[in-house]
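Where a number appears in this text, it was derived from the coordinates with a stated rule and is not lab data. This is a predicted model, so every value here is computed, not measured. Every residue, glycine as well, gets a Cβ built from its backbone with ideal geometry; the counts of neighbours run over all protein chains shown.
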Amino acid sequence: MTPEASIDAPQPLLYHLLELRQRLIYALIGFFAAFILCYTYAEAIFQFLVEPLATLLQEKGSRRLIYTGLTEAFLTYVKVAAFAAAFLSFPVIASQLWMFIAPGLYHKERKVFIPLLMATPVLFLVGAAFAYYVIFPAAYAFFLSFETPGSTGQLPIQLEAKVNEYLSFVMRLIFAFGVSFELPVLLTLLANVGMVSSQGLVTKWRFAVVGIFALAAIITPPDMLSMVGLAIPLIVLYGISILMVRWVEYRRLPSGE
């Protein structure tokens, strides 16, 4: 029996469980190593995340972020480090995932899966960058427009943001935009297992647009600009997904057809 044949031969369940445990251990080691590194620079990372808001607040004078719990600032830095470590350690996690599932894939499936695995972090980073550089400034400007100066007989309405609430808001939007931009990867994987087709995606595009706007309304701040800012890129990605699904269907055709 050749080495290739022994690798492709069926393995008992215990072998797969041990292999899964080994891959999870390596992935956790990579994550914790990245976490230690990111915690060292947690303050700088947090300042980067707060920069869109700080830029707008500086135009209004000296402002600040506050925390009201004794452990709030510390836990905020821990969350920042964990959030950044998830980004930094993704190549390690993805490589372990690939080494676990690759032996169970056919050659054609591997050729489809590898580009999708490489596209996943790229699309996530594009979505995160779009949220950070486009959505955040517009959303912050909208919400800060509700501040009112004090006058005789009236109290001013002024933002006093808490560090943990701000971080939760930023992490939720970055994660939501990053995952939403994975739409082409998701639809291509579904097409690869025969659950969707390019013809079906084209036929149901109206329902897809309605669903995209509904999703955008749920995961974005309650303002029209943010909702439309997410919906339009997702509609474009839906069109790209149709082309990718057609590519998968073309690869299934026998040679010469």
**Request:** Considering Cα pairs under 8 angstrom that are at least six residues apart, work out the relative contact order of the stretch 13-181 and quote it in whole percent.
**Result:** 33
**Fill in**
the stretch 215-229 and the stretch 16-52 have their Cα centres apart by a whole-number Å value of 30
**Item:** Computed helical MRE - 222 nm, the chain, DSSP H runs ≥ 4 contributing -39500 (n - 2.57), nearest 500
**Value:** -24500 deg cm²/dmol
**Request:** Run a plain Debye calculation on the chain (Cα atoms as equal point scatterers, no solvent) and give log10 I(q)/I(0) at q = 0.08, 0.11 Å⁻¹, rounded to two decimals, same order as the q list.
**Result:** -0.46, -0.80
**Item:** Under Karplus coefficients 6.51, -1.76 and 1.60, residue-wise ³J(HN,Hα) of the stretch 193-198 in Hz, glycine/proline x
**Value:** 9, x, 8, 9, 9, 5
**Prompt:** Which cross-chain or sequence-distant (5 or more) residues have an amide H under 5 Å from the amide H of residue 162, H modelled 1.01 Å from N in plane?
**Reply:** 66
**Request:** Give the cross-link partners of residue 60 among the lysines, using a straight C-alpha distance below 24 Å as the criterion and excluding same-chain residues fewer than 8 apart.
**Result:** 162
**Fill in**
Note, the stretch 128-145: 3J(HN,Hα) by Karplus (6.51, -1.76, 1.60, θ = phi - 60°), whole Hz, Gly/Pro = x, goes 5, 5, 4, 5, 5, 8, 10, 6, 4, x, 5, 5, 5, 4, 5, 6, 6, 5
**Request:** Using a Gaussian network model of the chain whose springs link C-alpha atoms within less than 10 Å, name the residue from 226, 95, 151 with the highest mean-square fluctuation.
**Result:** 151
**Item:** FRET efficiency for residue 235 and residue 195, using Cβ-Cβ distance with R0 set to 25 Å, rounded to 0.05
**Value:** 0.75
**Message:** In whole Hz and in residue order, list the ³J(HN,Hα) couplings for the stretch 109-123 that follow from phi through the Karplus curve 6.51 cos²θ - 1.76 cosθ + 1.60, θ = phi - 60°; x for Gly and Pro.
**Reply:** 5, 5, 5, 7, 5, 4, x, 5, 5, 6, 6, 4, x, 5, 5
**Message:** I want to verify a result. In a Gaussian network model of the chain, Cα cutoff 10 Å, which of these has the top mean-square fluctuation: 219, 174, 66?
**Reply:** 66
